[in-house]
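Trainee: This structure is in structure tokens; I'll ask about it shortly.
Each value in this text was obtained by applying a stated rule to the coordinates, not by laboratory testing. Because the structure is a prediction, the values reported are computed rather than measured. Virtual Cβ from ideal backbone geometry, glycine too; neighbours counted across all protein chains shown.
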Amino acid sequence: MKVILRQDLDELGMEGDTLNVAKGYARNYLIPKGLALEANNQNIKLIEMQRKKIDARKIRAKESAEKVRQEIQALEITVFQRVGEEEKLYGSVTSMDIATKMEEKGVSIDRRKIVLDKPIKSLGEYKIPIKLHPEVTGSIKVVVAPEE
């Protein structure tokens, strides 16, 4: 089934994109939640009329993501954790911990944008990627140190 996206969705595409999805996915999830419109002639014309606004919004979002990337490139976050033998952490450092520390430094980022494959479970320095926008990815330096 052809649909037109009304919002940016990481797994599907950007606002205004026309794509083919399964009928059930479109009818049961995308359309009822207002994330997409069925791609009929009327809706296609509607989106084409709104294309300039959509493009301007995309450009503003990318520019703001670039500004945030510049802010976080300079940040270094230190997370203190309890350490056991062989410098293994009792707990782990998760994306939520990193987001909380970033907020303390004055940069507010959704924890879901922090790309952490698995929680950090040992001491050291890590470069953690942060996906700010589909086309903009920054990274932050996280230092995991022992708690005293």
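Trainee: Tell me, THR94, THR100 in order of fewest to most beta-carbon neighbours within 10 Å?
Mentor: THR100, THR94
Trainee: Provide GLU11, GLU87 in ascending order of the number of other Cβ atoms located within 10 Å of each residue's Cβ, fewest first.
Mentor: Listing GLU11, GLU87 from fewest to most nearby Cβ atoms yields GLU11, GLU87.
Trainee: Still on this structure, I have one more. Students often get this wrong, so check it: of LYS105/LYS131; LYS33/LYS101; LYS58/LYS118, which have C-alpha atoms separated by over 28 Å?
Mentor: LYS33/LYS101; LYS58/LYS118
Trainee: Let me ask something else about it. Once the Cα atoms of helix 41-73 and of the chain are each reduced to a long axis, what angle between those two axes, in degrees from 0 to 90 to the nearest 10, is obtained?
Mentor: 20
Trainee: A further question on this structure: Taking the chain as the reference, fit the longest principal axis to its C-alpha atoms, fit the long axis of helix 95-104 to the helix C-alpha atoms, and give the angle between the two in degrees, 0 to 90, nearest 10.
Mentor: The two axes meet at around 80 degrees.
Trainee: Turning to a different aspect of this structure: Determine by what factor the alpha-carbon radius of gyration of segment 73-112 differs from 2.2 N^0.38 Å, reporting the quotient.
Mentor: Its radius of gyration relative to the 2.2 N^0.38 Å reference: 1.33.
Trainee: Quick one: Cα centre-to-centre distance for segment 11-30 and segment 113-137, in angstrom?
Mentor: Between the Cα centres of segment 11-30 and segment 113-137 lies a distance of 28 Å.
Trainee: Need the list of aspartates and glutamates near LYS23 for cross-linking: C-alpha distance under 13 angstrom, and skip anything on the same chain fewer than eight residues off.
Mentor: GLU38
Trainee: Here are some values of Kirkwood radius over Cα pairs in Å: [x] 15.5; [y] 17.0; [z] 17.9. Which one was computed from this structure?
Mentor: The calculated read-out lines up with [z].
Trainee: Starting from the Cα coordinates of segment 70-146, work out the convex hull volume and express it per residue in Å³.
Mentor: 79
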